[in-house]
Amino acid sequence: MRLTTTRVFPLALMLSLAMLTFYLERMVRDEDTAPAKRRHDPDYVITNFTSTTFDREGKPLNVLSAVRMVHFPDDDATELEAPRVVQTKPGEPRMSVQAERGAMSADGEEIFLYDNVVMVREGDATRPEARLTTSFLHIVRERSLVRTDREVTIVEDNRSLRGRGMEYNSDSQVFTLMADVHGRFEPKK
């Protein structure tokens, strides 16, 4: 069987059109999905957000709130505007932390607070109120850990401590200042 130009040309034309159609279909499909992967657009925004973690008896342990929460699907990032975290453990003074902005890990176990961070331990019958200020704070909720690598100032009554880097475990109540520690202790009046 001999192939002539009249038979080969239509086959070559059909094969070329099929390959062109396949190529164009792949280009259109990639264009539809690629911009969504490259862009950092939110998939949801929540205003006046509050999340509460309860103990086994139904009492609140931790409350996370924010004026605004924005989630981005491309990297699963969550940004918080004016976040506030309040920890209420039975038999312990209430602790609260607030900042101008924050971020949260995908599983919600880690919270990163930025700009004018203030942590307050309320006073009780044995201790006065304590106030910690810094520019960044990292909260690891599952491990009851609060830490920073930045400058920290702690004021409690007529005493103050200042240093760089801090770690506080609320379960063991161990507080550590890492470096450049300066303190001022005045006698009670």
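The values are calculated or read from the model by the stated rules, or taken from the named source; none is laboratory data. For clarity, every value in this text was computed on a predicted model and none was experimentally measured. Every residue, glycine among them, receives a Cβ derived from its backbone with ideal geometry; neighbour counts consider all protein chains shown. For accessibility, only protein heavy atoms count, side chains too; no ligands or nucleic acids. Shrake-Rupley method; radii C 1.70, N 1.55, O 1.52, S 1.80 Å.
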Quick one, which of (i) 8, 26, 24, 13, 8, 6, 6, 5, 4, 1, 0, 0; (ii) 9, 36, 38, 16, 3, 0; (iii) 9, 34, 33, 17, 5, 0 is the actual P(r) over Cα pairs in 10 Å bins from 0, in percent calculated for this model? (i)
For helix 5-38, report the angle its Cα long axis makes with the longest principal axis of the Cα atoms of the chain; keep it between 0 and 90° and round to the nearest 10°. 10
Is it possible to state the helix-based mean residue ellipticity at 222 nm for the chain, with each DSSP H run of 4+ residues giving -39500 (n - 2.57), the sum divided by total residues, to the nearest 500 deg cm²/dmol? What is it? -6500 deg cm²/dmol
With +1 on the Cβ of every Lys and Arg and -1 on the Cβ of every Asp and Glu, the dipole magnitude of the chain about its Cα centre, in debye rounded to the nearest 20, is 180
Label-point gap, in nm, between Arg184 and Met14 - each point 7 angstrom along Cα→Cβ: 9.1
Provide the per residue accessible area, probe 1.4 Å, for the range 86-189, rounded to a whole number of square angstrom. 58
Quick calc, the range 123-189, dipole around Cα centre from Cβ unit charges on Lys, Arg (+) and Asp, Glu (-), nearest 20 debye, gives 160
Percent accessible area from carbon and sulfur atoms, the range 124-170, protein chains only, probe 1.4 Å: 45
Only four residue types carry charge here, +1 at the Cβ of Lys and Arg and -1 at the Cβ of Asp and Glu. Report the dipole size of the range 79-120 about the Cα centre in Debye, rounded to the nearest 20. 280
Given the options Arg84, Arg29, Arg143, which has the most mean-square fluctuation in a GNM of the chain, springs set between C-alpha atoms less than 10 angstrom apart? Arg29
If you find the alpha carbon centre of the range 123-189 and of the range 60-111, how far apart are they in angstrom? 19
Build a GNM of the chain with springs between Cα atoms under 10 Å: which of Val118, Val63, Val97 gets the top mean-square fluctuation? Val63
